[in-house]
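Chemist: What follows is a structure written as structure tokens; I'll ask about it next.
Only the coordinates and a few stated rules stand behind these numbers; no lab work does. Note that the coordinates shown come from a computational prediction; the quantities given were computed from them, not determined experimentally.
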């Protein structure tokens, strides 16, 4: 892990930096390497093996779902400091969504098996990572609910969120 990687992510206001202690961030970032993707690159496809995950340094990634006979539908856009991919944490380690770089992106890429092995050796890190990913999932679920209300709620009904 480079000093700039640690400083960049540890000073970011994202959930990653709040959920993990400096020691746990350092342990996790020691497993990271930089990976850059041009706009239009598929990071992964729905149903594929979830063997990696990313924390965005810059750019935007669209999270999408396969729609038979149509182009994949983007259901969420994630940006700098955010987690791309959580299926690596849940057996059978299969992507529930797809992901495509909407702009050029720079990431810290993690090998999922290496991170799970690190988690097996450190229960406190395991708890922190589950807390981090849980916060990400909760935020994305609320975002999806708001989008659905925007699409399907009767006009003028407002949101109760």
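Chemist: Percent of alpha carbon pairs in segment 73-158 separated by more than 22 Å?
Modeler: 39 percent
Chemist: Hey, in the GNM for the chain with a 10 angstrom Cα cutoff, which one of 23, 82, 109 fluctuates hardest?
Modeler: Taking springs between Cα atoms under 10 Å, the residue moving most is 23.
Chemist: If each DSSP helix of 4+ residues adds -39,500 (n - 2.57) and the sum is divided by the residues in the chain, what number results at 222 nm, nearest 500 deg cm²/dmol?
Modeler: -12000 deg cm²/dmol
Chemist: Hey, got the Cα dimensions of segment 39-106 along the principal axes, in Å, largest first?
Modeler: 29, 28, 16
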